[in-house]
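S.K.: Sharing a structure with you now.
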Amino acid sequence: MKLKTTLNGKTFQFKDIKDVLAKANEPKSADRFQGIAAETATERVAAKIVLSELTVADLTENPTIPYEDDEVTRVNIDGLNLRAYNEKKNMTIGQLREWILDHKTTSEDLDRSTRAFTGEVAAGVAKLMSAMDLVYGASKIRRVTRCRTTLGLPGTLSFRCQTNSSTDDPESILLGIMEGVSYGSGDACLGINPVEDSVEGTRRIADALYKFMDGFQVPTQITVLSHITTQMESLRRGAPLSMLFQSIAGTQAANENFGVNRALLTEAYDLAQHEAYSAGPNYLYFETGQGSEVSIGADCGVDEMTLEARTYGFGRYFRPFMVNNVSGFIGPETLYDGKEMIRANLEDHFMGKLIGLPMGMAPCYTNHTSITQDDQEMATILLNAAGANYYMGVPVGDDVMLSYQDTSFHDDAALRELSHRLPAPEFHQWMMKMGLMDEKGILTPKAGDGSIFLR
């Protein structure tokens, strides 16, 4: 492998692939915090040149964390389809970029290559792309999954209705759900983040959501985002969960910090397959985001973008129904401002889709960052053009429990109208039956009135 190049009369020598990937990354505060970022724009360009000339095999056979040391590396590599990998392994990363962006490369071509790439390869090619490249490349890829309903079909856009309560009060949660559903939000799932991580609390919220969903025959999924072990025990005790949720990361050390590993997630999948209130075949819901590993000191010296792509290679193994990216949620130590947040979201959406995941996006931010509402909305619009499977639906865009900003019910409706996309087919039929939406996906005057569910 050639790990050096001369640019503007200066020779740049990189230590290894991990160093090349870090230096080739667009500016990110986590990389600066780790001391692994390019020191100058020229060094960044030099790293991109070196990266473009490495092959798919180079990045696959020289992972940023050794195979024998890290479970995430092992799952990435063991999950490859060898026939698909062998077809692509001799491509340079520059050639891979050109192939993805070529108008002759179809969605079917990209779908067949889902398991040809590890996280390092997905990150490598994304580092060579502009914002428009990332939007265009992702827009060519569809990832369709099914739990109780179907997500990701062409021409559809879905939303998770997230009406958290600072006291886990089922009544206030349901009042928010009623409003959100009346706006057309919730076809991805009714998903609540509990304050208390307990079996009893998880069951109480799930029971309330199920009573509403069943009573009004709402075609959707239910999830309560306590720790996956808590959800598993709740499911064993009869909680009406449609799928199981867990945050995952790009190193074994970070996953251990989260209290998960491959064996546990395999057990969770098997349990959900037999006990969840859904037909599947997709039963898991993952959440990810650039910077989680460095925020807990479990990054192993790898840049945050590459770690995020490795997370996707790990998650791919479990065939999830939903993956939600929340880059921007942690704070300025990982993504300093709006420009970094927008870039990270576009990277993550593209990388996740390329590697085979049904990507939903939460281009969110917390109030202690240098990110504005305009930044958030620009990321949202770009990701809509890129074909994100779903977004969040949060009352007025401000989560009262998690204290962060995300897409609102009104944003959800506007995104569908802008892109001429409909809800998931089962949910769309139900919305029309309820008189809340017409056949073109436009909300009726009844929409937004959650009190219709109280009459």
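The values are calculated or read from the model by the stated rules, or taken from the named source; none is laboratory data. For clarity, every value in this text was computed on a predicted model and none was experimentally measured. All Cβ positions, glycine included, derive from the backbone under ideal geometry; neighbour counts span all protein chains shown. Side chains included, ligands, DNA and RNA excluded: accessible areas come from the protein's heavy atoms. Shrake-Rupley method; radii C 1.70, N 1.55, O 1.52, S 1.80 Å.
S.K.: I'd like the full set of residues that are within 13 Å of the chain's Cα centre (by Cα), of a type in the set (A, V, I, L, M) and either farther than 21 Å from LYS127 by Cα or open to solvent by 20 Å² or more (accessible area, probe 1.4 Å) (or both), limited to the range 291-337.
M.R.: MET322, VAL323, VAL326
S.K.: Give all pairs with beta carbons closer than 6 Å in which a residue from the range 187-198 that is over 17 Å from VAL400 (Cα atoms) meets a residue that is open to solvent by less than 20 Å² (accessible area, probe 1.4 Å) and among the charged types (D, E, K, R); count only pairs at least 6 apart in sequence or on separate chains.
M.R.: Short answer, once both residue conditions are applied: ALA188/ARG160; CYS189/ARG160.
S.K.: Okay, moving on. For the range 261-299, enumerate the residues that are of a type in the set (A, V, I, L, M), closer than 16 Å to MET232 by Cβ and out of contact with any helix residue (DSSP H, G or I) (no Cβ under 8 Å at 6 or more places or on another chain).
M.R.: ALA263
S.K.: Right, something else. If I ask for residues that are in contact with a strand residue (DSSP E or B) (Cβ under 6 Å, 6 or more places away or on another chain) and either aliphatic (A, V, I, L, M) or closer than 26 Å to LYS440 by Cβ (or both), which ones from the range 367-393 would you list?
M.R.: ILE371, LEU383, ALA388, ASN389, TYR390, TYR391, MET392, GLY393
S.K.: Quick check on the range 155-170. Is at least one of its residues farther than 30 Å from GLU426 by Cα, open to solvent by less than 40 Å² (accessible area, probe 1.4 Å) and of a type in the set (Phe, Trp, Tyr)?
M.R.: Checking the range 155-170: not a single residue is farther than 30 Å from GLU426 by Cα, open to solvent by less than 40 Å² (accessible area, probe 1.4 Å) and of a type in the set (Phe, Trp, Tyr).
S.K.: Count, please, the residues in the range 17-53 that happen to be free of Cβ contacts under 8 Å to residues at least 60 places away in the same chain, of a type in the set (Ser, Thr, Tyr) and not in a loop (DSSP other than H, G, I, E, B).
M.R.: 1
S.K.: How do the pairs read when you match residues in the range 220-241 that are at positive phi with residues anywhere that are surrounded by 24 or more Cβ atoms within 10 Å (Cβ to Cβ) and among the aromatic types (Phe, Trp, Tyr), using Cβ under 6 Å and keeping only pairs 6 or more apart or on different chains?
M.R.: none
S.K.: Condition check: in contact with a helix residue (DSSP H, G or I) (Cβ under 9 Å, 6 or more places away or on another chain), modelled with pLDDT of 95 or more, open to solvent by 10 Å² or more (accessible area, probe 1.4 Å) and hydroxyl-bearing (Ser, Thr, Tyr). Does SER247 satisfy that?
M.R.: Judged against the criteria, SER247 is a match.
S.K.: Now, a different point. Six or more apart or on different chains, Cβ under 6 Å: which pairs go from a residue in the range 372-401 that's open to solvent by less than 20 Å² (accessible area, probe 1.4 Å) to one that's aromatic (Phe, Trp, Tyr) and at pLDDT 95 or above? Could you list them?
M.R.: TYR390/PHE159; TYR391/PHE159; GLY393/PHE159; GLY393/PHE409
S.K.: Looking at the range 402-423 only, could you name the residues that are open to solvent by less than 30 Å² (accessible area, probe 1.4 Å), closer than 16 Å to ASN384 by Cβ and touching a residue at least 40 places away in the same chain (Cβ under 8 Å)? Give the steps one after another, and end with the answer.
M.R.: First pass over the range 402-423, keeping only residues open to solvent by less than 30 Å² (accessible area, probe 1.4 Å): 404-409, 412-413, 415-416, 421, 423.
Narrowing further to those that are closer than 16 Å to ASN384 by Cβ: 406-409, 412-413, 415-416, 421, 423.
Once the filter is applied, which keeps residues that are open to solvent by less than 30 Å² (accessible area, probe 1.4 Å), closer than 16 Å to ASN384 by Cβ and touching a residue at least 40 places away in the same chain (Cβ under 8 Å), the range 402-423 yields ASP406, THR407, PHE409, ASP412, ALA413, LEU415, ARG416, ARG421, PRO423.
S.K.: Residue by residue through the range 1-39, note down the ones that are farther than 30 Å from GLY289 by Cβ and polar (S, T, N, Q).
M.R.: Across the range 1-39, the qualifying residues are THR5, THR6, ASN8, THR11, GLN13.
S.K.: Could we say that TYR183 is among the aromatic types (Phe, Trp, Tyr) and surrounded by fewer than 24 Cβ atoms within 10 Å (Cβ to Cβ) here?
M.R.: no
S.K.: Within the range 183-273, which helices (runs of 4 or more DSSP H) (wholly inside it) include 3 or more residues that are within 19 Å of the chain's Cα centre (by Cα)?
M.R.: Fully inside the range 183-273 and qualifying: 252-258.
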